[in-house]
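Asker: For reference, the structure I am asking about is given below.
The values are calculated or read from the model by the stated rules, or taken from the named source; none is laboratory data. All values derive from a computational prediction rather than experimental measurement. No Cβ is skipped: glycine too gets one built from the backbone with ideal geometry, and neighbour counts run over all protein chains shown. Heads up: the accessible areas ignore ligands, DNA and RNA and are worked out on the full protein's heavy atoms, side chains in. Shrake-Rupley method; radii C 1.70, N 1.55, O 1.52, S 1.80 Å.
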Protein chains: 2
Amino acid sequence: MRFGVLGTGTVGRTVAGKLAELGHEVRIGSRTAGEDTVEFADAAAFGEVVVNATSGQHSVEALRSAGAESLGGKVLIDIANPLDFSQGMPPVLAFCNDDSLAERIQSEFPDLRVVKTLNTVNADVMVDPSLVGEETDMFVAGDDEGAKGEVTDLLRDFGWKRILDLGDVTGARGMEMYLPLWLRLWQASGTGHLNVKVVSAG
Amino acid sequence: MRFGVLGTGTVGRTVAGKLAELGHEVRIGSRTAGEDTVEFADAAAFGEVVVNATSGQHSVEALRSAGAESLGGKVLIDIANPLDFSQGMPPVLAFCNDDSLAERIQSEFPDLRVVKTLNTVNADVMVDPSLVGEETDMFVAGDDEGAKGEVTDLLRDFGWKRILDLGDVTGARGMEMYLPLWLRLWQASGTGHLNVKVVSAG
C-alpha cells in the first residue's frame, strides 16, 4: 500500500521506517522538499493512507498546505499531540477538554476519515509494543468504522494485540489529555518505553 | 486515627465506610448537618486527616466554609475531580491543563499538606482494588513528602500494592486530565470496575 507520512521528526521517521519494513511504499512529507522528503502536498497525494506526524500545534496548518484535493476522502491516521512548549517544561496542551486535534482536523476536512491512534506512546513503542515487556493497550477513535478497521489491521502489523475502540472522534480528547499523565509516568519510571494495560472486571 | 471526610456522595460515603471498617473514627462533613453528618467545619476540625470528596467544581468553596482554622496544617487527601456536567454528557473539566483542583486547594490553603490520589478510579475500586481482577496502579502527587508517605500507608491499608509517586502537586494535572480517557474506557469495557496497570521497561 502507499503511505504519505507528514512530518520529519522522530515519530514520522520511525513510523515511515516501519511501514517501509512492512513492504509499503512511503513518501515523507515536509514543509519543503529535501534529500529524502517531498512537499506535504506530494506526500499526501501519493498516499492511499496519510499519517499526520507533524507537530500537533501546527498540524491543521500543515494539512492545509497539503491541500484538501490531495487529502480527498482518504484515511488519515492522526498520531500527533498538540503539545505547547512555549511556556517551558512541562508542556501544556495547546487546546483540550471540549476540543482535540483529531476533531479540528476532522472538522477542517470533513471528507477525510480521521482515526486517532498511537499518540499515547513514544515512537519506539508505536512500532514495537513488545519493548515495554508486556502486552499493553492501544486506543483508536474516529467517526468512520471502516477506517478504524483498516487502522486496526495496520496496528496488528505493528505488533499490537490489544486494540481498544474508544468510539467517535471525540474519544481523541481523552487520548490527548492523557499526555500530561504519560509525561509524569515517564519521569516516575525513568523510561519512555512505557504504556498502560487496561484491566477491568468486564 | 480521626478522619474528617468532606462530601456525602457515593465517593465520600464509601471511603468513610472503609475508614470506619479499618478502625478509624470518622465524621462526614456536609454543607448542613444531617442525621449522620456534621457541618464541613466540624468534620474538618475533628479529623487529624481530612478527605476532600466534595464535588470538585465546588471543593474550594466547601473548604472555605470548613475554614482555614479547622484545616490548619493537616494532611488533606484530595480524591475529587472538577467535572462540569453543565454542558451535558460527557462532562468536561471545569479547569485543567495548566491548573488542577489539587493546586487550587494547595494555593488557597498553603498550610495544608495536599495529596492527590484515588481520583482515577471509581468509589468501589478506591477501597477494594482487587475488584478489577489484577494488580493495577494508584498514583499520588503532592508537595509534602511526609504527607505522601502517610497517604501511601493508608492506600496500602485499602489494599493497594502498586503506588506510584508522580511528584509535586502539579502531578495532579495529569491525574485529573485522565478522567475523559477513563470515561471512555468505562464505556468500552462496560464496567466502572477498571483501572490501568503501568507497564515499563524500566
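Asker: With a 1.4 Å probe and all protein chains kept in place, how much accessible area does A:His24 have, in Å² rounded to the nearest 10?
Answerer: 40
Asker: Where Rh denotes the Kirkwood radius from the mean inverse Cα pair distance, what is Rg over Rh for region B:69-120? Don't skip to the end; give the middle numbers.
Answerer: Details: Rg = 12.7 Å, Rh = 12.1 Å.
Expressed as Rg/Rh, it is 1.05.
Asker: Can you pull the mean other chain C-beta count within 10 Å for peptide B:129-136?
Answerer: Values: counts 1, 1, 2, 5, 4, 4, 1, 5.
Mean shielding by partner chains, rounded to a whole number: 3.
Asker: If you don't mind, another one. log10 I(q)/I(0), Debye, Cα-only region B:1-56, no solvent, q = 0.19 Å⁻¹?
Answerer: Per q value, in the given order, log10 I(q)/I(0) is -0.51.
Asker: Rounded to the nearest 10 Å², what accessible area does A:Leu154 have for a 1.4 Å probe in the complete protein model?
Answerer: Estimated to the nearest 10 Å², A:Leu154 gives 20 Å².
Asker: Right, next: Mind computing the radius of gyration and Dmax over the alpha-carbon atoms of the protein assembly as shown? Å is fine for both.
Answerer: 22.7, 76
Asker: What is the distance in Å between the Cα centres of region B:1-29 and region A:25-41?
Answerer: Value for the Cα centre distance between the two parts: 60 Å.
Asker: In debye, nearest 20: dipole of the protein assembly as shown around its Cα centre with unit charges on the Cβ of K, R (+) and D, E (-)?
Answerer: On the way: 34 positive and 60 negative charges, 65 e Å.
My answer is approximately 320 debye.
Asker: Here's another thing I want to ask about it. Given A:Phe85, A:Ala188, B:Val51, which one lies farthest toward the positive end of the charge dipole of the protein assembly as shown, if we put +1 on the Cβ of every Lys and Arg and -1 on the Cβ of every Asp and Glu?
Answerer: So the residue furthest toward the plus end is A:Ala188.
Asker: Same structure, new question: For region B:26-84, report the convex hull volume of the alpha-carbon atoms normalised per residue, in Å³, without decimals.
Answerer: Details: hull volume 4.4 nm³, N = 59.
Cα-based convex hull of region B:26-84, divided per residue, equals 75 Å³.
Asker: What are the ³J(HN,Hα) couplings of region B:19-26, residue after residue, when phi is run through the Karplus curve with 6.51, -1.76, 1.60 and θ = phi - 60°? Round to Hz, x for glycine and proline.
Answerer: Computed from phi, the couplings for region B:19-26 are 4, 5, 4, 7, x, 7, 8, 10 Hz.
Asker: Right, another one. In whole angstrom, note down how far apart the Cα centers of region B:131-160 and region B:94-128 are.
Answerer: Here the two parts' Cα centres lie 13 Å apart.
Asker: Could I ask something else about it? Report, as a whole number in µm² per second, the diffusion coefficient that Stokes-Einstein gives for region B:1-149 at 37 °C and 0.692 mPa s using the Kirkwood radius over alpha carbon pairs.
Answerer: Working: Rh = 15.5 Å.
The Stokes-Einstein estimate is 212 µm²/s.
Asker: Run down the lysines and flag those whose C-alpha is under 25 Å from the C-alpha of A:Lys18, throwing out any fewer than 8 positions away in its chain.
Answerer: Of all the lysines, those that pass the test against A:Lys18 - Cα under 25 Å, at least 8 places apart if same chain - are A:Lys74, A:Lys116, A:Lys148, A:Lys161, A:Lys197.
Asker: Let me ask something additional. About its Cα centre, how strong a charge dipole does region A:34-154 have in debye, to the nearest 20, once Lys and Arg get +1 and Asp and Glu get -1 at the Cβ?
Answerer: Values: 6 positive and 24 negative charges, 53 e Å.
Dipole of region A:34-154, to the nearest 20 debye: 260 debye.
Asker: Provide an ascending nm list, one decimal, of label-point separations from A:Gly9 to the equivalent residue in each further copy; define each label point as 7 Å from Cα along Cα→Cβ.
Answerer: Those label-point separations list as 3.5 nm.
Asker: Which value, in Å², gives the accessible area per residue of region B:111-202 when a 1.4 Å probe is used on the protein heavy atoms? Don't skip to the answer; put the middle values down first.
Answerer: Working: 3010 Å² over 92 residues.
With all protein chains present, region B:111-202 gives 33 Å² per residue.
Asker: Return the Cα extents of region A:81-177 along principal axes one, two and three, sorted largest first, each rounded to a whole Å.
Answerer: 35, 35, 16
Asker: Just tell me how shielded B:182-190 is by partners: mean number of partner chain Cβ atoms within 10 Å of each residue's Cβ, no decimals. Kindly include the intermediate steps, with their values, before the conclusion.
Answerer: Working: counts 3, 4, 12, 9, 2, 4, 10, 6, 3.
Mean inter-chain Cβ contacts per residue within 10 Å come to 6.
Asker: Using a Förster distance of 56 Å, how high is the FRET efficiency between A:Asp157 and B:Thr10, based on the Cβ-Cβ distance and rounded to 0.05? Please report the intermediate quantities before stating the final value.
Answerer: On the way: r = 43 Å, r/R0 = 0.77.
In this case the efficiency is close to 0.80.
Asker: Could I ask something else about it? Just to confirm the numbers: B:Trp186, label point 7 angstrom along the Cα-Cβ line, distances to the other copies in nm, shortest first?
Answerer: Spelled out, the distances from B:Trp186's label point are 2.9 nm.
Asker: Counting only other chains, and only Cβ atoms inside 10 Å, what mean value do you get across the residues of A:88-98?
Answerer: Details: counts 0, 0, 5, 0, 5, 4, 1, 1, 6, 9, 6.
Taking all residues of A:88-98 together, the mean is 3.
Asker: How large is the charge dipole for chain B, taken about the Cα centre, if only the Cβ atoms of Lys, Arg (+1) and Asp, Glu (-1) carry charge, to the nearest 20 debye? Write out the running numbers ahead of the final one.
Answerer: Details: 17 positive and 30 negative charges, 85 e Å.
Using Cβ point charges on Lys, Arg, Asp and Glu, chain B gives about 400 debye.
Asker: Show that you can apply the helix-only estimate: for the protein assembly as shown, add -39,500 (n - 2.57) for every DSSP H stretch of four or more residues, divide by all residues, and state [θ] at 222 nm to the nearest 500.
Answerer: So the calculated ellipticity at 222 nm is -10000 deg cm²/dmol.
Asker: Kindly work out what percent of the DSSP beta bridges joining two residues of the protein assembly as shown are antiparallel, to the nearest 5.
Answerer: Beta bridges within the protein assembly as shown, antiparallel portion: roughly 25 percent.
Asker: How far apart are the B:Gln87 label points across copies, placing each 7 Å from Cα toward Cβ, in nm, shortest first?
Answerer: Those separations, rounded to one decimal, come out as 1.8 nm.
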